[in-house]
1. Yes or no: region 237-251 includes at least one residue that is at pLDDT 90 or above, within 22 Å of E142 (Cα to Cα), in contact with a helix residue (DSSP H, G or I) (Cβ under 7 Å, 6 or more places away or on another chain) and not in a helix (DSSP H, G or I).
2. When you scan region 240-252, do you find a residue that is under 28 Å from D104 (Cα atoms), surrounded by 15 or more Cβ atoms within 10 Å (Cβ to Cβ) and β-branched (V, I, T), even just one?
3. Which numbered condition trips up A156, out of (1) in contact with a Pro (Cβ under 8 Å, 6 or more places away or on another chain); (2) of a type outside the set (K, R); (3) without any contact (Cβ under 8 Å) to a residue 24 or more places away in the chain?
4. Name the residue that is farthest from C207 (Cα to Cα), counting only residues in region 145-192 that are modelled with pLDDT under 95 and among the aliphatic types (A, V, I, L, M).
5. State all residues of region 74-119 that are of a type in the set (D, E) and either under 20 Å from E24 (Cα atoms) or assigned to a helix (DSSP H, G or I) (or both); if no residue qualifies, say none.
6. Given the criterion over 30 Å from L290 (Cα atoms) and under 23 Å from the mean Cα position of the chain (by Cα), identify the matching residue among E192, E183, E166, E151.
7. Looking at region 76-90, can you tell me whether even one residue there is over 19 Å from L181 (Cα atoms), modelled with pLDDT of 95 or more and β-branched (V, I, T)?
8. Surrounded by fewer than 18 Cβ atoms within 10 Å (Cβ to Cβ), in contact with a Lys or Arg (Cβ under 9 Å, 6 or more places away or on another chain), over 19 Å from L133 (Cβ atoms) and of a type in the set (F, W, Y): is that true of F36 in this structure?
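The values are calculated or read from the model by the stated rules, or taken from the named source; none is laboratory data. Fair warning: this is a prediction, and the values are worked out from it, not measured in the lab. Here the Cβ is made from the backbone with ideal geometry for all residues, glycine too, and neighbour counts use every protein chain on show. Note: areas computed on protein heavy atoms with side chains; ligands, DNA, RNA excluded. Shrake-Rupley method; radii C 1.70, N 1.55, O 1.52, S 1.80 Å.
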Amino acid sequence: MVIAQRWRAQHVEPTERCFAKVLECSRNIPQSVATFRMKRMVSIVRKLRRPNTHFKLGELDDIGGCRLIVESIGQAEKAATWLAANLPLKNGAADKDYIARPQDSGYRSRHLLCNVVSDSASYHVEVQIRTRLQHCWSTAVEAAGEIYGTEYKSPAVRAGANGDDEQRLCFFKIVSSLFALEEGSPQVPGFEGDRAMLVHRLRDLECTRGLLDDLGAAVDSVFVTDVPEVSSELFLLKLSRENQYLDVDVFPVNELEEALRRYDAVERCIEIPDVDGMMSGESGYDNAVLVYARDAEQLAVAYPNYSTNVRYFLNKVEAYLRPFTQ
């Protein structure tokens, strides 16, 4: 755990350098949201322990991560072109386009893998570019995983799924194809079709109603501290999951270094491994993310809990089903 913690810490500066470019890109794309985060130690351990994957610590490409959330496929393509020209990409498969070629799970996003040289060593940083529809789908999958105690993002879990888990995975594949249809992009392999056919498949799944109800029940309210009426600012979001309290610090865009320093200070208090590899925090916060957004509505898309995005996901799916329930 100590070695892993040190390796994670070494990724901070390279990831900050990538985020500066993602931030520059975001400022030129209306309605986009940029986020910076270091992968939490508990997530690193979970990924290393996935069965049949044999990950080694040095093979993880996403310890440091930046994300750009945009409104459309066209914006995603524009962002990917600009970032590919302005970031030090990893040799080989540096551009993983899961929008043009969706994963079998239904996951859709664009990943640019960077290779940043720092202190005579190379570090991998993952930059994700996705639309809001793709982002809320991914968030809903994570929320379902927490509800049912199953890591639906794991290839091994998906490969061995049966019963209710298999049904839920099918649900998310159908919804992903419906979202792809809205965005005019390729659908999930094996789940192609028009809206009417896909909605019928969704309605006929035994798990659909129960899954929507469970997601709805899990959409917890979060108390947000007052955010000044500002535009185009950096926000440090700090979540206390136990109290559902979101504390917000605001920084002008030209104070990126100070915002990153404060983020790192909060993270150091959150990510303290004990002898069993569990996380304990001294700050009272469970999660933190640094966000660039232009207004409160955009900021909510990047909240480090599920409330805003899962609610958006539920509204979209309920709209698909409504003609069949009236």
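1. For region 237-251, residues at pLDDT 90 or above, within 22 Å of E142 (Cα to Cα), in contact with a helix residue (DSSP H, G or I) (Cβ under 7 Å, 6 or more places away or on another chain) and not in a helix (DSSP H, G or I): present.
2. First, pick out the residues of region 240-252 that are under 28 Å from D104 (Cα atoms): none.
Taking every residue of region 240-252 in turn, none turns out to be under 28 Å from D104 (Cα atoms), surrounded by 15 or more Cβ atoms within 10 Å (Cβ to Cβ) and β-branched (V, I, T).
3. (3)
4. A156
5. If we filter region 74-119 for residues that are of a type in the set (D, E), which is where we start, we get 77, 95, 97, 104, 119.
Across region 74-119, the qualifying residues are E77, D95.
6. Numbers: E192 fails: under 23 Å from the mean Cα position of the chain (by Cα); E183 fails: over 30 Å from L290 (Cα atoms); E151 fails: over 30 Å from L290 (Cα atoms).
Just one listed residue meets the conditions, E166.
7. Yes - at least one qualifying residue is present in region 76-90.
8. Details: surrounded by fewer than 18 Cβ atoms within 10 Å (Cβ to Cβ): no; in contact with a Lys or Arg (Cβ under 9 Å, 6 or more places away or on another chain): yes; over 19 Å from L133 (Cβ atoms): yes; of a type in the set (F, W, Y): yes.
Criteria not met by F36.
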